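First the structure, in the form of structure tokens, and then the observations on it.
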Amino acid sequence: MCGIIAGIKKENVVHDLINCLKKLEYRGYDSAGIACFENHRIERYRSVGKVSELEKIVGSKYSNIGIAHTRWATHGMVNESNAHPHLSTRDGFSVCVIHNGIIENYKELKVLLIKQGYRFESQTDSEVLAHLLHAERKKSSSIIHALQTVREKIVGAYALVAICDKDPNTILGTKKASSLVLGVDEENKQVFLSSDPNSLSGILNQIVFLEESDIVCLEGTEFSIYNNAFNKVDRKITMLDVNNDSVSRGKYQSFMQKEIHEQPNAVAMTLENFLDENSLTAGLFGDIAKRVFGQVEQIIIIACGTSYHAGLVAKYWIEELAKIPVSVEIASEFRYRKSVIKNKTLMIGISQSGETADTLAALNLARNLGLEWIFGICNVQESTLMRICNLSFITRAGPEIGVASTKAFTTQLASLFILALTLAKTKSHISVQDERNFLTQLRHLPNAIASILHEEQNIKNWVKYFQNKQNVLFLGRGIHYPIAMEGALKLKEISYIHAEAYAAGELKHGPLALIDENMPIIAIAPNDDLVHKLKNNLEEVKARGGKLFIIADHGFELQEDTCTKIISLGDHAGFLSPILHVIPLQLLAFHVADSKGHDVDKPRNLAKSVTVE
Ligand code: G6P
């Protein structure tokens, strides 16, 4: 979603700001803007569409200080007036603000500001911040005191940066429930603020994660940080763990395709710490994990999108292996439900980004209801999610740029399987020999994924059957039903084909009515205990003229014919089968979308990280 970048350096910073905006493009946006100083005055440039449009407008402008933004519309249409930065000019000076998040009391503030004579040009909630900061700057001795007062008056979630031409060497930032980091480079005398540390890769490598309500003041190339009580504080500097290569497409035509192919390595990296040993230890999940895993009686998994599907798969693993009841809930539903949570419940939040607003709100709600044990599975060590959890597991997929999640999903699954095994071991439900066997299978997993990637051409051969379809039905049973759901999600989000997943046993209760020669059916058909049941369901589809596309294992009993296409993935992989069966579905979605000429990395209307409700 929206992205912020701001910086001061000794030379021209405009080019850096544009490059950083390009690195933020993957988050999803519809307009972009930049404000900088020219001859001691604030100049603002905005455009609808790609950052490259803004780049053309900005041309070769020179400024050593600037703030820039990519906007993803929430309040107000996609147009130039609603694009950030928002400017407030009167009484001989200007204030310019960029904001991520939602200001909940913006309507009340707007009424007050209009009474004071401020004129609004946009439909956004964010514009109140520019006028409010202007009004407070007029009354205060410094911009930083003005921002302190603004912070007290606003309700909601925000990461904001601001400049004022009364303070020409200064950029201010503050944050609450939205990400903002400080980037520091003492050697080259430059300081930056960004909503996403990855955007700073290649510019500097020292990062400060701001705490809630911190105000940061960049002055010249120095910085100072003030906490909620307005005391000057030191915050820890950490090294930015991203290299430029991980945020470039390399030899691939899209990030999504690259990320699909990175899965063997991403899974290997994620499992690295666990597979060095011959036995699993709870301690790898945090200091209190052993005690918590021993006592836990119920698990609730909270997530959104693809991460939610990972949670659904984990339910099967944890219940079967560790015999602990698991419920899996969509975060946006859980957070507004009056749920009954028993003592000794472990709450697990799964999130690639660790910044998804609904997931964070649901976990905070659980904490406020008195739940002590909050476990985060996340791909970003420095995320908000990681800071609110007391147990955690970091998936080491590396930055995921494509909006459609792929390597984050398979690394989440690998982590959740390790968690299921560790819970089972702590509860004494698996033998030493079983544990060893599972660890051996996990060691083989990256290679197994790699060999499925070799099926890419076979998958590509199926594209012609889907390209011009309006609807596709995905079928699965048992633990592969969530994989069917994930396959349908992948296809719909990037190819814009309506795709729906059904548990195959439910066919007779509705979807059979949809079956005809225009509705391709993709079936996930591993050789597990349910394969015969699934085969019967597929025969029912064939009998009604349905066209079947089956992702099977060796030994699947149906034969190929004009209405039945089969790709076989090899021997059945037991518990790990979902991690393998999802890969052909990712590849199919990618190639169908690509064949339709879509921008697979940035599908229309979607954002990578959904940081607002
Ligand atoms: C967005 C992304 C999805 C992702 C979901 C949850 O919808 O486009 O790819 O699965 O958010 O994101 P999270 O970062 O919490 O896993």
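The values are calculated or read from the model by the stated rules, or taken from the named source; none is laboratory data. Fair warning: this is a prediction, and the values are worked out from it, not measured in the lab. Positions of Cβ are generated from backbone atoms using ideal geometry, with glycine treated the same way; all protein chains shown enter the neighbour counts. Note: areas computed on protein heavy atoms with side chains; ligands, DNA, RNA excluded. Shrake-Rupley method; radii C 1.70, N 1.55, O 1.52, S 1.80 Å.
Below is a table of values for the structure above.
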item	result
Under the Karplus curve 6.51 cos²θ - 1.76 cosθ + 1.60, θ = phi - 60°, whole-Hz ³J(HN,Hα) for the range 138-150, x wherever Gly or Pro sits	4, 8, 9, 7, 8, 5, 5, 5, 4, 5, 4, 5, 4
Carbon plus sulfur fraction of accessible area for the range 455-613, probe 1.4 Å, in percent	45
Among the listed pairs 110/189; 23/596; 22/189; 9/258, those beyond 30 Å (Cα-Cα)	110/189; 9/258
Inter-site label distance for residue 141 and residue 427 at 7 Å from Cα along Cβ, in nm	6.3
Candidate aspartates and glutamates - alpha carbon under 18 Å from residue 290, same-chain residues fewer than 8 apart omitted	277, 372, 435
The range 3-242, accessible surface, carbon-and-sulfur percent (1.4 angstrom probe)	46
For the range 69-74, 3J(HN,Hα) per residue [Karplus equation, 6.51 cos²θ - 1.76 cosθ + 1.60, θ = phi - 60°, Hz, x = Gly/Pro]	8, 10, 9, 10, 4, 10
Dipole magnitude (debye, nearest 20) for the chain, charges at Cβ of Lys, Arg, Asp, Glu	1140
Cα pair count fraction exceeding 42 Å, expressed as % - the chain	28
Cα-based helix-to-principal-axis angle, 577-595 vs the chain, degrees rounded to 10	60
Theoretical gain in end-to-end length, residue 372 to residue 19 [0.36 nm per residue, Cα-Cα removed]	122.8 nm
The chain - accessible surface per residue (Å², probe 1.4 Å)	40
FRET efficiency for residue 464 and residue 60, using Cβ-Cβ distance with R0 set to 56 Å, rounded to 0.05	0.75
Members of 460/535; 176/490; 464/547 lying beyond 21 Å, as alpha-carbon distances in this model show	460/535; 176/490
For residue 72, solvent-accessible area (1.4 Å; no DNA, RNA or ligand), Å²	60
Residue-span extension gain [residue 563 to residue 115] - 0.36 nm each, minus C-alpha spacing	154.3 nm
Within straight-line cross-link reach of residue 492, aspartates and glutamates at Cα separation under 14 Å, skipping those fewer than 8 residues along the same chain	500, 594, 599, 601
With every protein chain in place, the range 252-453: carbon and sulfur % of accessible area (1.4 Å)	48
Protein-only accessible surface order, largest first, of 224, 60, 332 at 1.4 Å	60, 332, 224
Cα gyration tensor shape of the range 282-423, rounded if a/c is under 1.5, else prolate or oblate by comparing a/b with b/c	rounded
Residue-by-residue Karplus 3J(HN,Hα) for the range 258-270, coefficients 6.51, -1.76, 1.60, Hz, glycine and proline x	4, 5, 4, 6, 7, 4, x, 6, 4, 5, 4, 5, 5
Residue 284 paired with residue 252, simple spin-label distance in nm, labels 7 Å along Cα-to-beta-carbon	2.5
Solvent-accessible area of residue 121 with every protein chain in place, 1.4 Å probe, in Å² to the nearest 10	90
Candidate residues 155, 58: accessible-area rank, largest first, probe 1.4 Å	155, 58
The chain: angle of helix 14-24 to the longest principal axis, Cα-based, in degrees nearest 10	30
Relative contact order [Cα under 8 Å, 6+ residues apart], the chain, whole percent	12
In range of the label at residue 457: residues from the range 543-580 whose backbone nitrogen is under 18 Å from the point 7 Å along Cα→Cβ	566-570
About the Cα centre, charge dipole magnitude for the range 316-404 (Lys/Arg +1, Asp/Glu -1 at Cβ), debye	360
Which of 471, 2, 98, positive extreme of dipole for the chain (C-beta unit charges)	98
